[in-house]
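What follows is a structure written as structure tokens; I'll ask about it next.
The values are calculated or read from the model by the stated rules, or taken from the named source; none is laboratory data. Just so it is clear, the structure is predicted and the values come from calculations on it, not from any experiment. In this analysis, Cβ positions are derived from the backbone assuming ideal geometry, glycine residues included, and neighbour counts consider all displayed protein chains. Just so you know, the surface numbers come from the protein's heavy atoms only, side chains and all, with ligands and any DNA or RNA stripped out. Shrake-Rupley method; radii C 1.70, N 1.55, O 1.52, S 1.80 Å.
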Amino acid sequence: MPTEISNWYELDNIRNNPNDDYILVNNLDENTDGYAGIGDDWPPIQDGGEGTLDGQGNFIKDLIIDVDTLGGLFGSANFGLVENLGLVGSISATGRSGGIVASGLNTFNIDNCFVNVDVDLGSNNGAGGVIADASSVD
């Protein structure tokens, strides 16, 4: 049974178990519990594991990423599947930047996702709305 995500704390906990399955049960935005210090200063999940994230048509909104590394919800990913998710926010990063994934290391699937992010490239060497760089994406 997938782990439910209903606030920023639970979203942040994906990094502790990146091989599990997750579902987003509601929108996350600046008014959702845990936004201050997490959603407004998101440290990308650097090891996306092989789990799944089903947004169930919900949005992660107001996400702010400002890092000196790979920028995205996931910095690097081996993630099995991200689906049915909307992402709205801004990214400022010195490494590759993509809304959902900055750098995909192995095959993973992104299905039925919507991304609207402002990207500040800085010294960035690659950017993409959904994904910046991938070796194999389905």
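From the set of residues in the stretch 48-62 that are among the small types (Gly, Ala, Ser) and modelled with pLDDT of 80 or more, which is most open to solvent (accessible area, probe 1.4 Å)?
Among residues in the stretch 48-62 that are among the small types (Gly, Ala, Ser) and modelled with pLDDT of 80 or more, the one most open to solvent (accessible area, probe 1.4 Å) is Gly57.
In the stretch 1-90, which strands (runs of 3 or more DSSP E) lie fully inside it and hold 1 or more residues that are under 21 Å from Asp120 (Cβ atoms) and touching a Gly at 6+ places or on another chain (Cβ under 9 Å)?
52-67, 74-77
Shifting gears a bit: So, of the residues in the stretch 63-81 that are out of contact with any Ser or Thr (no Cβ under 8 Å at 6 or more places or on another chain) and either free of Cβ contacts under 8 Å to residues at least 12 places away in the same chain or more than 12 Å from Val115 (Cα to Cα) (or both), which turns out to be surrounded by the most Cβ atoms within 10 Å (Cβ to Cβ)?
If we take residues in the stretch 63-81 being out of contact with any Ser or Thr (no Cβ under 8 Å at 6 or more places or on another chain) and either free of Cβ contacts under 8 Å to residues at least 12 places away in the same chain or more than 12 Å from Val115 (Cα to Cα) (or both), then Phe74 is surrounded by the most Cβ atoms within 10 Å (Cβ to Cβ).
Is it the case, given these coordinates, that Ile14 is open to solvent by less than 30 Å² (accessible area, probe 1.4 Å) and in contact (Cβ under 8 Å) with a residue 40 or more places away in the chain?
The answer is no for Ile14.
Search the stretch 82-94 for residues being surrounded by fewer than 21 Cβ atoms within 10 Å (Cβ to Cβ), under 12 Å from the mean Cα position of the chain (by Cα) and not small (Gly, Ala, Ser), and hand back the single one that is farthest from Glu50 (Cα to Cα).
Val88
Tally time: how many residues in the stretch 48-90 are of a type in the set (Gly, Ala, Ser) and touching a helix residue (DSSP H, G or I) at 6+ places or on another chain (Cβ under 9 Å)?
4
Here's something else I'd like to know. Name the pairs whose Cβ atoms lie under 8 Å apart, with the first residue in the stretch 91-112 and closer than 17 Å to Gly71 by Cβ, the second modelled with pLDDT of 70 or more and aromatic (Phe, Trp, Tyr), and 6 or more positions between them or separate chains?
Listed by first residue and then by second, the contacts come to Ile100/Phe74; Val101/Phe74; Ala102/Phe74.
Can you go through Ile110, Ile23, Ile65, Ile91 and tell me which one is out of contact with any Lys or Arg (no Cβ under 9 Å at 6 or more places or on another chain) and modelled with pLDDT of 90 or more?
Ile23
Among the numbered conditions (1) modelled with pLDDT of 90 or more; (2) open to solvent by less than 60 Å² (accessible area, probe 1.4 Å); (3) in contact with a helix residue (DSSP H, G or I) (Cβ under 7 Å, 6 or more places away or on another chain); (4) not small (Gly, Ala, Ser), tell me where Ile45 comes up short.
(1)
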